[in-house]
Amino acid sequence: MTLLVFFALFSFVLAQRVVELAIARRNARRMTAKGAVEVGHAHYRYLVALHVCFFAALMTEVLVLGRKPPQWWMAPAAAFLIAQGLRYWCMTSLGHFWNTRIFVLPGANAIRRGPYRFFRHPNYLAVVTELLCIPLLFGAWITAAVISIVNLYLLSVRIQAEEAALAEATDYGEVFRSSP
C-alpha cells in the first residue's frame with residue numbers, strides 16, 4: 001500500500017510540474033508580447049536540474065534504499081497540503097505575471113494582493129516546503145536534506161536577481177520596502 005501511495009503522489013507532483021511549465025510558457029508569451037524581458041536566466045538551468053534531481057533522488061531513495069514513512073508522516077503531509085494551497089494562492093494572485101522564470105515588465109506595478117500582502121516571496125516558501133516535506137513523508141531523509149540545502153542556495157541567487165531586476169524596472173522596491 002505504501003508504494004501505491006508513493007507512486008500516486010509522485011505522479012501527481014510530476015504531472016503538476018508539467019502543467020505548471022505549460023502555464024509558465026503561456027504566461028511568458030503574454031508577458032513578452034507586452035514588452036517584458038527575462039532576467040536571471042543563467043541560474044534557471046540549475047533550478048531545473050535541481051527539480052529533475054529531486055524526482056530521481058526521491059525515487060531512488062524510496063525504491064532502492066527501501067525508505068518507509070515515519071510514524072509522524074501526517075506532519076509533512078499536512079505541511080505539503082498547506083504548501084499546495086499557498087502555491088495556488090500565489091499563482092492566482094500573480095495571474096499572468098506568475099512564471100517559473102523571471103520576467104520583468106518595465107513600469108508595471110508590484111503585485112500586493114493575496115499572500116504578497118504579507119511577505120515578498122510566498123511562492124518560494126511553498127517550494128521550499130514541498131521539497132522538504134515530500135521526501136520526509138516517505139522517510140527519504142537524504143533527499144530532503146541534500147535537495148533542501150541546494151535549493152536554499154539557488155533560491156538565494158534567484159531572489160537577489162529577481163529583486164534587483166524588479167526594483168530597477170518597477171515600483172517593487174518602494175512597495176515592498178517594509179515587507180519581510
For the chain, the percent of accessible surface on carbon and sulfur atoms (probe 1.4 angstrom, ligands and nucleic acids excluded) is 69 percent
Reported label for calculated percent of Cα pairs over 30 Å apart given (i) 22; (ii) 51; (iii) 45
(i)
7 Å from Cα along Cα→Cβ at both Tyr44 and Leu152: what's the point-to-point distance in nm?
2.7 nm
What angle do you read, to the nearest 10 degrees and between 0 and 90, between the alpha-carbon axis of helix 122-137 and the longest principal axis of the chain?
10 degrees
Label-point gap, in nm, between Gln84 and Val19 - each point 7 angstrom along Cα→Cβ:
1.0 nm
Filter the trypsin sites (Lys or Arg not before Pro) in the range 67-157 to those in DSSP coil with at most 11 other Cβ atoms within 10 Å of their Cβ, and list the result.
Arg113
Against the longest principal axis of the chain, how steep is helix 74-94, in degrees 0 to 90 to the nearest 10, with axes from Cα atoms?
20 degrees
Can you tell me the FRET efficiency between Arg117 and Gln160 if r is taken as the Cβ-Cβ distance and R0 is 30 Å, rounded to the nearest 0.05?
0.85
With axes computed from alpha carbons, what is the tilt in degrees of helix 2-33 against the longest principal axis of the chain, rounded to the nearest 10 within 0 to 90?
10 degrees
When the dipole is taken about the Cα centre of the chain, and only Lys, Arg (+1) and Asp, Glu (-1) are charged at their Cβ, what size is it in debye, to the nearest 20?
360 debye
Plugging the Cβ-Cβ distance of Met59 and Asp171 into 1/(1 + (r/R0)^6) at R0 = 35 Å yields, to the nearest 0.05, a FRET efficiency of 0.20
Might you tell me the accessible area per residue for the chain, computed with a 1.4 Å probe and given in Å²?
54 Å²
Using only DSSP helix segments of four residues or longer, with each worth -39500 (n - 2.57), what per-residue ellipticity at 222 nm results for the chain after dividing by its residue count and rounding to 500?
-24000 deg cm²/dmol
Can you list which of the chymotrypsin sites (Phe, Trp or Tyr not before Pro) found in the range 1-105 are DSSP loop residues with at most 15 other C-beta atoms within 10 Å?
Trp72
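The values are calculated or read from the model by the stated rules, or taken from the named source; none is laboratory data. None of these values were measured; they are calculated from a predicted model. Glycine also receives a Cβ, built like all others from the backbone with ideal geometry; neighbour counts cover every protein chain displayed. Remember, those area values only see protein heavy atoms, side chains included, never the ligands or the DNA or RNA. Shrake-Rupley method; radii C 1.70, N 1.55, O 1.52, S 1.80 Å.
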